[in-house]
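A quick write-up on the structure given underneath.
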Amino acid sequence: MNKHLLSMRDLTSEDVTRILDTADSFREVGTRVVKKVPALRGRAVVNLFYEDSTRTRISFELAAKRLSADVINFTAAGSSVAKGESLKDTALTLQAMGADAIVIRHASSGAPYALTQWVSGSVLNAGDGTHEHPTQALLDLYTIRERFGRLEGLRVAIVGDVLHSRVARSLTVGLATMGAQTTLVGPPTLLPPSAPTWGAETSYALDEVLPKADVCYMLRVQTERQRLQFFPTVREYARLYGLSRERVAQLPENAMIMHPGPMNRGIEIASDVADLPQAVIEAQVTNGIAVRMSLLYLMLGGEGDA
Amino acid sequence: MPERTIFRGVRLVDPAAGRDEHADVVVVDGVIESVDPAGKGSGTGEIVEGDGLVLAPGFVDLHCHLREPGWEDRETVETGSRAAAAGGFTAVAAMANTDPVADNAAVIQEVLTLAEKAGLCDVSPVGAITIGLAGEVLTEMGEMASLGVRMFSDDGHCVPRSRVLRMALEYARAFDVIIAEHCEDTSLSEGTHVHEGPTSEARRLGDTPPRPRRSSSRATSLWRASPEAACTCATSRPRGPLSWFAGPRARACG
């Protein structure tokens, strides 16, 4: 296992399989009355969150606690960052305090990489700018594999603001690593010109892609993008790229609907669609804890530096 | 009985087929049956003496103004269609500078309905690129394209902000449409009448500094940066009529 987790590009299909298999064994822990194992007792995990987050931060916190690690939550607001401390000085402080792992979310792409230059512990990227969000990709891969029993050969449509989505970047790379076929769908303004190099196809026509999709993965669209003219109106966006009941009917019967959250009900996903049994959005959250336990366990030497 | 018409001795002009000749053209039930050298066409039917007349495929006007809704005192879809048909135009693209502006599906639908009612030629309403032709906020091109709009233009207004124009060019790629941009930098041409040169100098007319239409290079470079985006550019003359370069899709003309 790599020392750090910065990008899905760093993981081979063997790595991914190992992470998901290990997550399988940890998922059972979450169903116990006492949801705790002693694997990381005495190890310190720092959650270093420079950006707002609900599910990722709580998920990492729960994952570390269920492994009996000591968890420190650090948010930019109310810390020395608010007094102007640089990322480097904060990192050196945490280093001096003996953090074994640092989970970082930052608005700047590449911040986790910078962190690896200053600390000796493991760095886990919990979302950096518009770059990558590998733990989200892994929990999504886990959720898809759990349903279909495999990843290879599956057809996945990732729909929406791909250009600014760290989730889409990581997931597309992960799916390609595992042999699934991805089609990135959205208005041309929100699809990156480099998409072909991610190992994915692109389409501007959601209705043409849906009938062939085993998984329909809806991305959150920020209404801020409208102001910047990436699309003319939220109404037109929803009409062209929103997952409505009518569009769900075009999906194959056993298709899955996913969303990384937080959802904009009524924009990228109709409110009633989000509540359909095919929508596995809560399962994604539940699986996120097991996958993060797996990562912390493997990276913090549950099995040494294997 | 099939309806048979013989156009006798017309000057047949069809640039696409490389034709410019005098001919007899026989039309049966609205379909050309034969084209023979003048004097060789035969058979019965209504005879149209074509001496001094030109017979050509229907003309298409990519830039006209039918003024409706809003300016019915100048023109209506019906009167404009009538003029088009009288002049040999079988299809016209109606510019978006109506009142209200054709920047939404409701106005487009209104023009289509009026054109169907007139029933004299094909009318393709042109959708605005930006709301109110103001150059700031993109229109709902997707919804207008779903009604059949195939060209978007802010008419005689340029889209002054390069970012907005770039987004329009890229966004349009989803819909098999073209963006027709009026390439003029108004900061160069404001208050002017003619191009700068000996004529403007001799008469001391307000003139436009060297070729304001060079601003079209902006659209051309945007197009090069995004070659799949379709762009047809009109170059501007000071206050004069626009000269159109109606190229095939995805050709930028400067």
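Filter segment A:187-235 for residues that are crowded, with 20+ Cβ neighbours inside 10 Å and on the phi > 0 side of the Ramachandran plot and give the result.
A:229
Output the residues belonging to segment A:58-82 that are touching a residue at least 40 places away in the same chain (Cβ under 8 Å) and either crowded, with 19+ Cβ neighbours inside 10 Å or part of a loop (DSSP other than H, G, I, E, B) (or both).
We begin by selecting, within segment A:58-82, every residue touching a residue at least 40 places away in the same chain (Cβ under 8 Å); these are A:59-60, A:62-64, A:66-67, A:69.
Correct list: A:59, A:60, A:63, A:64, A:66, A:67, A:69.
Pick from A:9, A:55, A:105, A:32: which is out of contact with any Pro (no Cβ under 6 Å at 6 or more places or on another chain) and crowded, with 18+ Cβ neighbours inside 10 Å?
Numbers: A:9 fails: crowded, with 18+ Cβ neighbours inside 10 Å; A:55 fails: crowded, with 18+ Cβ neighbours inside 10 Å; A:32 fails: crowded, with 18+ Cβ neighbours inside 10 Å.
Matching residue, one of A:9, A:55, A:105, A:32: A:105.
In segment A:178-192, what count of residues is obtained for those that are within 14 Å of another protein chain (Cβ to nearest Cβ) and in contact (Cβ under 8 Å) with a residue 40 or more places away in the chain? Outline the logic, then answer.
Looking only at segment A:178-192, we keep the residues that are within 14 Å of another protein chain (Cβ to nearest Cβ), and these are A:184-192.
Remaining after also requiring in contact (Cβ under 8 Å) with a residue 40 or more places away in the chain: A:185-187, A:189-190.
Total satisfying the criteria: 5.
Among the residues of segment A:250-278, which ones are out of contact with any His (no Cβ under 7 Å at 6 or more places or on another chain) and in a strand (DSSP E or B)?
A:256, A:257, A:258, A:265
Within segment B:115-132, track down each residue that is surrounded by 24 or more Cβ atoms within 10 Å (Cβ to Cβ) and more than 17 Å from the chain's Cα centre (by Cα).
The answer is B:130, and nothing else.
Does residue B:112 count as surrounded by fewer than 23 Cβ atoms within 10 Å (Cβ to Cβ), farther than 30 Å from residue B:186 by Cβ, of a type in the set (A, V, I, L, M, F, W, C) and touching a Pro at 6+ places or on another chain (Cβ under 8 Å)? Explain how you work it out, then say what you get.
Values: surrounded by fewer than 23 Cβ atoms within 10 Å (Cβ to Cβ): yes; farther than 30 Å from residue B:186 by Cβ: yes; of a type in the set (A, V, I, L, M, F, W, C): yes; touching a Pro at 6+ places or on another chain (Cβ under 8 Å): yes.
So residue B:112 fits the description; yes.
Please enumerate the residues belonging to segment B:133-143 that are more than 13 Å from residue B:179 (Cβ to Cβ) and either crowded, with 19+ Cβ neighbours inside 10 Å or under 20 Å from the mean Cα position of the chain (by Cα) (or both).
B:133, B:140, B:142, B:143 - these are the residues of segment B:133-143 that are more than 13 Å from residue B:179 (Cβ to Cβ) and either crowded, with 19+ Cβ neighbours inside 10 Å or under 20 Å from the mean Cα position of the chain (by Cα) (or both).
Just to be sure, is residue A:175 more than 30 Å from residue B:163 (Cα to Cα), of a type in the set (A, V, I, L, M), more than 14 Å from every other protein chain (Cβ to nearest Cβ) and over 19 Å from the mean Cα position of the chain (by Cα)? Walk me through it before giving the result.
Working: more than 30 Å from residue B:163 (Cα to Cα): yes; of a type in the set (A, V, I, L, M): yes; more than 14 Å from every other protein chain (Cβ to nearest Cβ): yes; over 19 Å from the mean Cα position of the chain (by Cα): no.
No, not satisfied.
What's the number of the only condition in (1) at pLDDT below 95; (2) more than 16 Å from the chain's Cα centre (by Cα) that residue A:64 fails to meet?
Here residue A:64 meets the rest and fails (1).
Does any residue in segment A:253-274 that is closer than 12 Å to residue A:140 by Cα come within less than 7 Å, Cβ to Cβ, of a residue that is surrounded by fewer than 17 Cβ atoms within 10 Å (Cβ to Cβ) and of a type in the set (A, V, I, L, M, F, W, C) six or more places away or on a different chain, and which pairs are these?
Close Cβ pairs (under 7 Å, with a partner that is surrounded by fewer than 17 Cβ atoms within 10 Å (Cβ to Cβ) and of a type in the set (A, V, I, L, M, F, W, C)) amount to A:257/A:276.
If you scan segment B:1-60, which residues turn out to be out of contact with any strand residue (DSSP E or B) (no Cβ under 7 Å at 6 or more places or on another chain), closer than 22 Å to residue B:87 by Cβ, not charged (D, E, K, R) and not in a loop (DSSP other than H, G, I, E, B)?
The answer is B:15, B:16, B:17.
Looking at segment B:149-175, which of its residues are buried (at least 23 other Cβ atoms within 10 Å of the Cβ), among the hydroxyl-bearing types (Ser, Thr, Tyr) and within 13 Å of chain A (Cβ to nearest Cβ)?
The answer is B:171, and nothing else.
Tell me which residues, restricted to segment B:24-62, are surrounded by 11 or more Cβ atoms within 10 Å (Cβ to Cβ), touching an Asp or Glu at 6+ places or on another chain (Cβ under 7 Å) and within 30 Å of residue B:93 (Cβ to Cβ).
Answer for segment B:24-62, where residues must be surrounded by 11 or more Cβ atoms within 10 Å (Cβ to Cβ), touching an Asp or Glu at 6+ places or on another chain (Cβ under 7 Å) and within 30 Å of residue B:93 (Cβ to Cβ): B:27, B:56, B:57.
Which of the residues that make up segment A:205-239 are within 11 Å of chain B (Cβ to nearest Cβ), part of a helix (DSSP H, G or I) and more than 25 Å from the chain's Cα centre (by Cα)?
Correct list: A:227, A:235, A:236, A:239.
Please go through segment B:78-102 and give me each residue that is under 13 Å from residue B:63 (Cα atoms) and outside any helix (DSSP H, G or I), ordered by number.
Residues satisfying the conditions are B:89, B:91, B:92, B:93, B:94, B:95, B:96, B:97.
Could you check how many residues of segment A:101-160 are closer than 14 Å to residue A:49 by Cα and either assigned to a helix (DSSP H, G or I) or touching a Phe, Trp or Tyr at 6+ places or on another chain (Cβ under 7 Å) (or both)?
8
Only residues that are among the acidic types (Asp, Glu) and in contact (Cβ under 8 Å) with a residue 12 or more places away in the chain: list them for segment A:11-20, please.
Step one: list which residues in segment A:11-20 are among the acidic types (Asp, Glu), which gives A:14-15.
Within segment A:11-20, A:15 is the sole residue that qualifies.
Give me a count of the residues in segment A:74-97 that are in contact with a strand residue (DSSP E or B) (Cβ under 7 Å, 6 or more places away or on another chain) and modelled with pLDDT of 90 or more.
Residues flagged as in contact with a strand residue (DSSP E or B) (Cβ under 7 Å, 6 or more places away or on another chain) and modelled with pLDDT of 90 or more within segment A:74-97 amount to 0.
Six or more apart or on different chains, Cβ atoms under 7 Å: show the pairs whose first residue is in segment A:224-246 and within 19 Å of residue B:166 (Cβ to Cβ) and whose second is surrounded by fewer than 21 Cβ atoms within 10 Å (Cβ to Cβ) and among the basic types (Lys, Arg).
The qualifying pairs are A:229/B:163; A:231/A:225.
Of the residues B:187, B:146, which single one is within 10 Å of another protein chain (Cβ to nearest Cβ), over 19 Å from the mean Cα position of the chain (by Cα) and surrounded by fewer than 17 Cβ atoms within 10 Å (Cβ to Cβ)? Spell out the reasoning first.
Details: B:187 fails: within 10 Å of another protein chain (Cβ to nearest Cβ).
Every option except B:146 fails the conditions.
Assess whether residue A:33 counts as being assigned to a loop (DSSP other than H, G, I, E, B), at pLDDT below 90 and among the β-branched types (Val, Ile, Thr).
yes
Quick one: which residue in A:174, A:242 is surrounded by 17 or more Cβ atoms within 10 Å (Cβ to Cβ), among the small types (Gly, Ala, Ser) and closer than 30 Å to residue A:5 by Cα?
Only one candidate passes the filter, namely A:174.
So that you can scan it fast, the table gives a plain yes or no per residue for (1) farther than 30 Å from residue B:144 by Cβ; (2) aliphatic (A, V, I, L, M); (3) within 14 Å of another protein chain (Cβ to nearest Cβ):
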position	(1), (2), (3)
A:243	no, yes, no
A:246	no, no, no
A:250	no, no, no
A:254	yes, no, no
A:265	no, no, no
A:278	yes, no, no
A:284	yes, no, no
A:293	yes, yes, no
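The values are calculated or read from the model by the stated rules, or taken from the named source; none is laboratory data. Model, not experiment: these values are computed from the prediction. Cβ: placed from backbone, ideal geometry, glycine included. Neighbour counts: every protein chain shown.
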